[in-house]
Structure formats: structure tokens, C-alpha cells
Amino acid sequence: MAERPVVLAGEPILRQKSKRIKRFGPSIEALVADMLDTMRAADGLGLAAPQIGVSLRVIIIEMPPQRDEEGNEIEPAQLYVYCNPEIIKARGEEEDDEGCLSVPGYVGTVTRAAFVTVKGQDTKGRKIRTKAQGLLARAFQHEIDHLNGILFIDRIESPEKLRRIEAEQGAL
């Protein structure tokens, strides 16, 4: 479809709670296609609709393919598209670095649940559920935070846990 500009920190839409999707169909599918184009062009791992200026509860996450020691793909990339996502279970705790396409040039150490179960709907309104751990669990929490007006920098416990980085490093 089309790559859209990423909304940067400081824009009011990133601090608003997004609206639930009640009507599914071609407009939601077109939004997801634009989100995918935008996320891939920015070399991101995930994106929430507010990050492209749309206040709807839609997130996408694309986990990279798994590779063996020789670099051969052993598992393809995995795409998660969620409308109206909710974390229904969370347990454990782990600390790791996060970045964000809406906060370019920075990473920060954030504590998140180690395991989550997420429920929501696909682009046709059908119920879906995912159990996630590690990076995928972190990505779900990060993107769902966007739908609630929360940025990863809000979750950083102390200023020394936020660092400036070079532009070529990835972001969630």
C-alpha cells in the first residue's frame, strides 16, 4: 500500500488512548498494509497505529526469521497482526533494552513481564490469542503500551538507563 511518516514523541496522538475497532473490513486491512510498509521501511520490529497518526487499537509485530550457525533460515519470519489487543496474563520479569521508531536515537533499559498471553482480533474480527516469551513478549507489551498513550521512556526507572545510540541500530 503506502509508507507513512512515523509520528515522533511530543505529538499528542502518542499520549492518547486509542479507540477500539468495532467495524472490520477493507479499511482495517489497508491500515495494516500501510503499517507493514512503514515498519519495514524503518527497519522496525513492531508498530502501533498511533505511530502513523491513527488512533485505533491496531498493532503489528514481525519477528525476524530464525537462522542456524551457517545463516540458513530454519524458521521463517513470523507476523502478528492484532486489533483490540489485551494482555490477559503476565508473569515473570526481565530487564532489557528497547528502542522505538517514535523516539529515534535512544534506547533504554526497561523491565517487562517475561511471559504474556495476548488476546484480540484479526483484521476480519475473528478472535485470536498468542502466548509469548522473550523478545516477542516484550514487543507485545511495548506496542500495546502505545495504544494506551505510554512510551517506553515512561517505563525507564532512572535517567542513566536511557542512552543515545547510532541511527543504524534497530527499534521496536
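Brief remarks follow.
- Residues in region 154-172 that are at pLDDT 95 or above and assigned to a helix (DSSP H, G or I): 154, 155.
- Selected residue (criterion: modelled with the lowest pLDDT) from residues of region 58-105 that are outside any strand (DSSP E or B), farther than 22 Å from residue 31 by Cα and of a type in the set (Gly, Ala, Ser): 71
- Residues (free of Cβ contacts under 8 Å to residues at least 60 places away in the same chain and of a type in the set (D, E, K, R)) located in region 114-144: 119, 122, 126, 127, 129, 131, 138
- Subset of region 98-129 [under 12 Å from residue 81 (Cα atoms), surrounded by 18 or more Cβ atoms within 10 Å (Cβ to Cβ) and of a type in the set (A, V, I, L, M, F, W, C)]: 118
- Within region 45-84, the set of residues being touching a Ser or Thr at 6+ places or on another chain (Cβ under 9 Å), crowded, with 23+ Cβ neighbours inside 10 Å and under 17 Å from residue 131 (Cβ atoms) comprises 82 only.
The values are calculated or read from the model by the stated rules, or taken from the named source; none is laboratory data. It should be emphasised that the depicted structure is a prediction, and the values quoted were computed from it without experimental measurement. With ideal geometry, Cβ positions are generated from the backbone for all residues, glycine too; neighbour counts draw on all protein chains shown.
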